[in-house]
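Each remark here refers to the structure printed beneath this line.
The values are calculated or read from the model by the stated rules, or taken from the named source; none is laboratory data. The structure displayed is predicted, hence computed values, not measured ones. Cβ placement follows ideal geometry from the backbone for every residue including glycine, while neighbour counts extend to all protein chains displayed.
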Amino acid sequence: MSLPARSLPVRILYGLAMITMVTFLAWEAWAPLSDRSGYAAGTDQNTTEMSTQTVTEYTQPEVSQMTAATTRNVRALHILGVSTRIYLDDQVDWQIEEHWRRFASSAQASQLAPTEPVFAIYTDFNSSQNSVMLTLGPAVARGNNTLTIEPGNYKTFRHSTVLQAWESIDNDEASGTDAYLFQTDFEQWQLDKNFQPAAVTAFIGMHQE
């Protein structure tokens, strides 16, 4: 399967969108949590106010920071999230920004625990539309409305998004794209105790050897 086509403007717009989206996730996901009574036992109002003052700006991972890819076996994960179709040729930054905003105001985001990872899953690739379905949410017990990340071997790229990993794969003439499934590729965003994005890793599904 071929990768979705990407032009240089689309890549630039995606990078800008990612910077904006994590800012919305951090700010909007924290706000409803801070208002919930009993959210964290022993946390008083002064502590909550101090947390808002220690929020730092997050910078989109640079391609130069991407570490060498390694292979990892991933068990099935079930994600309860918010989904939308992203059209890669049409205002990608705006689409992704709007989707993270919807997620940040969703019930799933309001129930996030400190340091709980958020998953961004790319599925249902449509080559004729050059589009992909993007689902954002936490891992939960399997249910009727959950999306399953298929178990198996995944190539992992630390400090990288899925689109950055796709670009790296697309540029690797030695291995090419035949080794990859492109079915449930995903990003794992790790949040810190203040709900700030602390790290991201991209996982790209591979054919079983």
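The single residue among Val92, Val118, Val200, Val140 that is touching a His at 6+ places or on another chain (Cβ under 9 Å) and buried (at least 22 other Cβ atoms within 10 Å of the Cβ) turns out to be Val200. Here the stretch 177-196 is the region considered, the condition is being of a type in the set (Ser, Thr, Tyr) and buried (at least 16 other Cβ atoms within 10 Å of the Cβ), and the residue that is nearest to Ser83 (Cα to Cα) is Thr184. Only one of the numbered conditions (1) at pLDDT below 90; (2) among the β-branched types (Val, Ile, Thr); (3) assigned to a strand (DSSP E or B) is violated by Thr115, and that is (3). In this structure, is Leu112 over 14 Å from the mean Cα position of the chain (by Cα), farther than 22 Å from Ile169 by Cβ and crowded, with 16+ Cβ neighbours inside 10 Å? Against the criterion (over 14 Å from the mean Cα position of the chain (by Cα), farther than 22 Å from Ile169 by Cβ and crowded, with 16+ Cβ neighbours inside 10 Å), Leu112 qualifies. Consider the stretch 126-160. How many of its residues are in a loop (DSSP other than H, G, I, E, B), under 18 Å from Asp89 (Cβ atoms) and either among the small types (Gly, Ala, Ser) or within 13 Å of the chain's Cα centre (by Cα) (or both)? Count: 2. Within this structure, Asn126 fails the test of being at pLDDT 90 or above, surrounded by fewer than 22 Cβ atoms within 10 Å (Cβ to Cβ) and on the phi > 0 side of the Ramachandran plot.
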